[in-house]
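A.B. asks: Here it is, the structure, as structure tokens.
The values are calculated or read from the model by the stated rules, or taken from the named source; none is laboratory data. Quick caveat, the model's predicted, so the values are computed rather than measured. Counting neighbours? That spans all protein chains shown, and the Cβs are built from the backbone with ideal geometry, glycine included. Accessible surface areas use protein heavy atoms only, side chains included; no ligands, DNA or RNA. Shrake-Rupley method; radii C 1.70, N 1.55, O 1.52, S 1.80 Å.
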Amino acid sequence: QVQLVESGGGLVQAGDSLRLSCAASGDTFSSYPMGWFRQAPGKEREFVAAISRLLAGRITQTDYADSVKVRFTISRDNAKNTVYLQMNTWRPEDTAVYYCAAATAGNSIFCDDRRNAGSYDFWGQGTQVTVTS
């Protein structure tokens with residue numbers, strides 16, 4: 001069982017930067033991929049970014065939705081059991097509840113279907129990010 005707790009959401013304006021954090025419980029955090037998803041009002045949950053477990057040479061692989069590529073950066077600190085989402089250059093459509101998710105089943109390095117929410121078996125409660133004009 002993995003518990004995920006997101007933090008860092010809030011109101012942002014153009015030019016602001018915001019970093020979301022997701023702290024995971026347990027001592028196997030480094031062994032599974034993580035992802036960020038978001039859900040705007042009236043819309044389905046959508047993929048934002050994903051990061052692999054640590055590879056040889058302390059390298060991780062990342063993947064981003066086209067809508068956030070270049071603007072958002074996912075990273076992880078295995079010593080702190082935490083995954084981050086650094087967000088810059090806002091758009092109105094970035095307003096959403098942001099969820100982190102863990103893909104602990106299957107001993108996967110980086111989920112083949114990492115953009116699918118069904119690939120993740122543990123979820124945080126979400127944190128609201130609202131882009132104001």
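A.B. asks: Which FRET efficiency value, to the nearest 0.05, do you get for residue 31 and residue 132 by plugging their Cβ-Cβ distance into 1/(1 + (r/R0)^6) with R0 = 35 Å?
C.D. replies: Efficiency, rounded to the nearest 0.05: 0.35.
A.B. asks: Which GluC sites (Glu not before Pro) from the stretch 35-133 combine a DSSP loop assignment with at most 13 other Cβ atoms within 10 Å?
C.D. replies: Sites meeting the loop and neighbour criteria: 44.
A.B. asks: Are there cysteines in the chain with no second cysteine's Cβ under 4.7 Å away, and if so, which?
C.D. replies: 111
A.B. asks: Separate question: Would you please put 94-100, 123-129 in order of how densely packed they are, using the mean number of other Cβ atoms within 10 angstrom per residue and starting with the highest?
C.D. replies: Top to bottom by mean Cβ count within 10 Å: 94-100, 123-129.
A.B. asks: Taking only protein heavy atoms into account and a 1.4 Å probe, give the accessible area per residue of the chain in Å².
C.D. replies: Spelled out: the 1.4 Å probe surface of the chain, per residue, equals 51 Å².
A.B. asks: Turning to a different aspect of this structure: Can you compute the equivalent ellipsoid semi-axes for the chain, i.e. the square root of 5 times each eigenvalue of the Cα gyration tensor, sorted largest first and rounded to whole Å?
C.D. replies: Semi-axis lengths for the chain are 24, 15, 14 Å.
A.B. asks: Rg and Dmax in Å for the stretch 78-133, alpha carbons only: what are they?
C.D. replies: Answer for the stretch 78-133, Rg first and Dmax second: 13.7, 43 Å.
A.B. asks: For the chain, which whole percent of the accessible surface, found with a 1.4 angstrom probe, sits on carbon and sulfur atoms?
C.D. replies: Numbers: 3200 of 6830 Å².
Percent of accessible area from carbon and sulfur atoms in the chain: 47.
A.B. asks: Mind checking the full-extension length gain between residue 113 and residue 80? Use 0.36 nm per residue of separation minus the Cα-Cα distance, one decimal, nm.
C.D. replies: Residue separation times 0.36 nm, minus the Cα-Cα distance, leaves 9.3 nm.
A.B. asks: Can you run the Rg to Rh ratio on the stretch 24-101? Use alpha carbon positions and the Kirkwood inverse-distance Rh. Before the final figure, lay out each step's value.
C.D. replies: Details: Rg = 13.1 Å, Rh = 13.2 Å.
Result for the stretch 24-101 is an Rg/Rh of 0.99.
A.B. asks: Sticking with this one: Residue by residue through the stretch 3-18, which ³J(HN,Hα) values in whole Hz follow from phi under the Karplus form 6.51 cos²θ - 1.76 cosθ + 1.60 (θ = phi - 60°), with glycine and proline marked x?
C.D. replies: These are the phi-based 3J(HN,Hα) values: 9, 10, 10, 8, 7, x, x, x, 8, 9, 10, 3, x, 6, 10, 8 Hz.
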